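Engineer: Here it is: the structure, laid out below.
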Amino acid sequence: MPYPIYILLALMALSIAGLTVKLCLMRKAAGEIAQGFAEKLSTDTNTLIDISTRDRAMRALASAVNRELRRLRELRRRYQQGDLELKAAVANISHDLRTPLTAICGYLELLDQEEKSPRAEEYLSVIQDRAQLLRQLTEELFRYCVVLSDPELEGEPLSLNAALESSLAAFFAVLRARGIEPQVTMPETRVERRLDRAALSRVFSNLLSNAVKYSDGDLTVELTPQGEVIFSNACRGLTEVDAAKLFDRFYTVEAARKSTGLGLSIARSLTERMGGALTARYQKDRLTLTASFPQQGRP
């Protein structure tokens with residue numbers, strides 16, 4: 001006996017309603033998985049993704065994502081541990097090299113006071129130059145490992161205006177020796193941020209050191225009310241590829257062969273640890289480095 005049409009319609013309506021409810025629950029579960037995954041990646045936590053639905057397929061998906069999260073955390077832990085061990089080893093090696101290098105440089109200075117032939121004078125000059133370069137590179141490497149191994153930075157209310165002025169004053173003699181007269185633009189109002197004083201000073205110092213190495217003779221420095229500090233200089237010796245790699249550890253260009261390539265890497269790391277960002281742009285033979293410190297940035 002066939003069912004009346006209204007019963008069939010009612011059954012179809014119930015089926016559609018059931019499918020709609022299940023679809024809504026699955027969409028909610030998918031949203032919970034996506035949100036949970038994003039939160040677990042952005043925070044250092046051992047909690048896993050949990051969803052409200054009892055649907056087998058969605059719970060199986062959540063379990064699969066949780067397995068990958070556990071694997072990712074283990075890989076991250078191993079990477080962080082290995083990175084710390086590497087930095088400690090490099091710092092120890094750099095420290096151990098400082099004593100013999102200091103002795104070598106000292107004896108070279110004593111030897112320089114002795115009577116020498118012109119050829120011996122030439123050889124000694126080369127040795128002194130290489131020894132000083134090795135000493136400088138060892139010091140930079142040691143400072144790099146120490147700086148990046150430091151624990152939490154200490155934030156305090158600071159004026160970016162005053163910090164930038166202080167760094168520029170410290171580099172006045174160096175810039176003048178290179179024939180660089182910086183053009184500085186600052187707002188009349190104080191631009192205040194909560195930052196680490198020593199870290200901020202090192203960021204500005206490293207950016208100014210970079211300008212000394214690469215500038216073709218000019219430098220403009222601008223502080224904006226939004227907390228951006230912009231360093232710009234003509235630099236025909238670079239390429240867009242060089243500019244893209246400036247923040248890579250140990251990357252140097254031909255114009256700065258006596259550098260370890262660690263200065264800008266340290267500057268970016270410290271800027272990011274204080275809640276800011278450091279970027280580079282190279283256009284029309286001009287290199288522009290921008291350190292941004294947003295209002296909410298905190299160490």
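The values are calculated or read from the model by the stated rules, or taken from the named source; none is laboratory data. In this text the structure is predicted, and so the values were computed from the model without any measurement. FYI the Cβ positions are ideal-geometry reconstructions off the backbone, even for glycines, and counts take in every protein chain you see. Only protein heavy atoms, including side chains, enter the accessible area calculation; ligands, DNA and RNA are left aside. Shrake-Rupley method; radii C 1.70, N 1.55, O 1.52, S 1.80 Å.
Engineer: Report Rg/Rh for the chain, rounded to two decimals, where Rg is the Cα radius of gyration and Rh the Kirkwood radius.
Structural biologist: 1.21
Engineer: Using a Gaussian network for the chain with springs between C-alpha atoms less than 10 Å apart, which of these wobbles most: 221, 21, 184?
Structural biologist: Its mean-square fluctuation being the largest, the pick is 21.
Engineer: At a temperature of 37 °C and a viscosity of 0.692 mPa s, determine how fast the stretch 78-168 diffuses translationally according to Stokes-Einstein, using the Kirkwood radius over alpha-carbon pairs as Rh; express D in µm²/s, rounded to the nearest whole number.
Structural biologist: Working: Rh = 16.6 Å.
In µm²/s, the coefficient is 198.
Engineer: Give me the base-10 log of I(q)/I(0) for the stretch 135-210 at each q in 0.12, 0.20, 0.27 Å⁻¹, Debye formula, one uniform scatterer per Cα, rounded to two decimals.
Structural biologist: Result of the Debye calculation: -0.43, -1.01, -1.26.
Engineer: Same structure, new question: For the chain, compute the number of Lys pairs whose alpha carbons are separated by less than 25 Å, excluding pairs fewer than 8 positions apart on the same chain.
Structural biologist: Close lysine pairs found across the chain: 8.
Engineer: Something else now. Taking each pair of distinct Cα atoms in the stretch 1-146 once, what is the resulting Kirkwood hydrodynamic radius in Å? Let's see the in-between values first.
Structural biologist: Details: mean 1/r = 0.0448 Å⁻¹.
One decimal place: 22.3 Å for the Kirkwood radius.
Engineer: I'm checking a number: the convex hull volume of the Cα atoms of the stretch 97-241, normalised per residue, in Å³. What is it?
Structural biologist: 176 Å³
Engineer: A follow-up question, please. Taking Cα atoms, how many degrees apart are the long axis of helix 5-42 and the longest axis of the chain, rounded to 10 and kept between 0 and 90?
Structural biologist: 20 degrees
Engineer: For q = 0.24 Å⁻¹, what log10 I(q)/I(0) does the stretch 24-76 give under the Debye formula with an equal point scatterer on each alpha carbon and no solvent?
Structural biologist: The Cα Debye sum returns log10 ratios of -0.87.
Engineer: Which loop-located trypsin sites (Lys or Arg not before Pro) does the stretch 185-233 contain, where loop means any DSSP state but H, G, I, E or B and the Cβ has at most 15 other Cβ atoms within 10 Å?
Structural biologist: Loop-located and lightly packed - 190.
Engineer: Follow-up question, since we're still on this one. Kindly report the accessible area of the chain per residue (heavy atoms of protein chains, probe 1.4 Å, no ligands, DNA or RNA), in Å².
Structural biologist: Heavy-atom accessible area per residue stands at 63 Å².
Engineer: I would also like to ask the following. Using a Gaussian network for the chain with springs between C-alpha atoms less than 10 Å apart, which of these wobbles most: 192, 154, 32?
Structural biologist: It is 32.
Engineer: At a 1.4 Å probe, what is the % contribution of carbon and sulfur to the accessible area of the chain? Intermediate results must be reported in sequence, preceding the final value.
Structural biologist: On the way: 10510 of 18940 Å².
So the carbon and sulfur contribution to the accessible surface is 55 percent.
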